[in-house]
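Here's the structure, in structure tokens; my notes come after.
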Amino acid sequence: MQCEHEIGLHPVAARTPAGCEECLKTGSPWVHLRLCLTCGHVGCCDSSPGRHATKHSHHTQHPVVASFEPGERWAWCYVDQTEVDVPEQVLPYLRD
């Protein structure tokens, strides 16, 4: 499924490919990583203590993230609260 919030997204490389941007600064652990498809922010998932991907989306109003886990190919729209297709132009920026 594609949502209107995917329209106009441009591929963006991860700002911190080694892990969650905030967790790396504080030394906190994370469970899974999410890549903001608007700005390249890498944040941790809602199962992680920091929930930084969701916090980033709410703070910036950036609507769509993709899984930044190796081999996973799915995206989530925070506005529509639904899984969406990963835009093809983003695939090169995800981890294999």
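Here, each number is a calculation from the coordinates, and none is a lab measurement. This is a predicted model, so every value here is computed, not measured. Cβ: placed from backbone, ideal geometry, glycine included. Neighbour counts: every protein chain shown.
Among the numbered conditions (1) closer than 16 Å to CYS23 by Cα; (2) under 9 Å from the mean Cα position of the chain (by Cα), tell me where SER67 comes up short.
Among (1) closer than 16 Å to CYS23 by Cα; (2) under 9 Å from the mean Cα position of the chain (by Cα), the lone unmet condition for SER67 is (1).
Out of the residues in the stretch 5-32 that are of a type in the set (A, V, I, L, M) and over 12 Å from the mean Cα position of the chain (by Cα), which is surrounded by the most Cβ atoms within 10 Å (Cβ to Cβ)?
That would be LEU9.
Assuming HIS62 fulfils every condition listed in (1) crowded, with 17+ Cβ neighbours inside 10 Å; (2) in contact (Cβ under 8 Å) with a residue 40 or more places away in the chain; (3) not aliphatic (A, V, I, L, M) apart from one, which condition is it?
All conditions pass for HIS62, except number (2).
Please find, among CYS44, CYS77, the residue that is surrounded by 20 or more Cβ atoms within 10 Å (Cβ to Cβ) and over 9 Å from the mean Cα position of the chain (by Cα).
That would be CYS77, the only listed residue that is surrounded by 20 or more Cβ atoms within 10 Å (Cβ to Cβ) and over 9 Å from the mean Cα position of the chain (by Cα).
Mind telling me which of the residues GLY40, GLY71, GLY27, GLY50 ends up being farther than 22 Å from PRO11 by Cβ and touching a residue at least 24 places away in the same chain (Cβ under 8 Å)?
Residue meeting the stated conditions: GLY50.
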